[in-house]
Amino acid sequence: MTEAYSIFETWLIIFLAALATFGWRFAGLILADFIKSDSIVMRWVNCIAYAMVASVLMRLLVFPGGVLATTSLDHRLAGLAVGLLLMLSLHKLWLSLIVAMGTFAVLVTAF
């Protein structure tokens, strides 16, 4: 059986996590002036960031948790498809999101 953390250990963990998070943000703030926004490094960083966001979203879509796990994968993929098609054709993000969520809600309720 494991022992509970003491108050000091708990605050130390919180402080170290905050230091690690804000340390990288501060380093990015300082280094941002030295890196050109159209350089190959920044394009690589942007690609990695987009890939990470896409992977997390796809993981949530395919292997959801909580209430979303009770819905069918077909319904989730249909909502995604409708949203992507509208976003690529109309170029209006908010309309695409609303219609995609509506499509998903109708499919879950009706079927």
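Every number here is computed from the coordinates shown, using simple stated rules; none is lab data. The model shown is predicted, which means the values in this text are computed figures rather than measured ones. Neighbour counts are summed over all protein chains in view; Cβ atoms, including those assigned to glycine, are modelled from backbone coordinates with ideal geometry.
Results, tabulated for the structure shown:
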read-out: Added length on full extension, which subtracts the Cα-Cα distance from 0.36 nm per residue, Val45 to Ile14; value: 8.4 nm
read-out: Pairwise Cα inverse-distance average, inverted: Kirkwood Rh of segment 71-111 (Å); value: 9.9 Å
read-out: Net charge contributed by nearby residues that have their C-beta within less than 14 Å of Phe104 (K/R +1, D/E -1); value: 0
read-out: 0 to 90° range, to nearest 10: angle between helix 73-90 axis and the chain longest Cα axis; value: 90 degrees
read-out: Ratio Rg/Rh, restricted to the chain and using Cα atoms, in which Rh is the Kirkwood radius; value: 1.15
read-out: Separation in nanometres of the label points that stand 7 Å from Cα toward Cβ, at Ala110 and Ala32; value: 4.6 nm
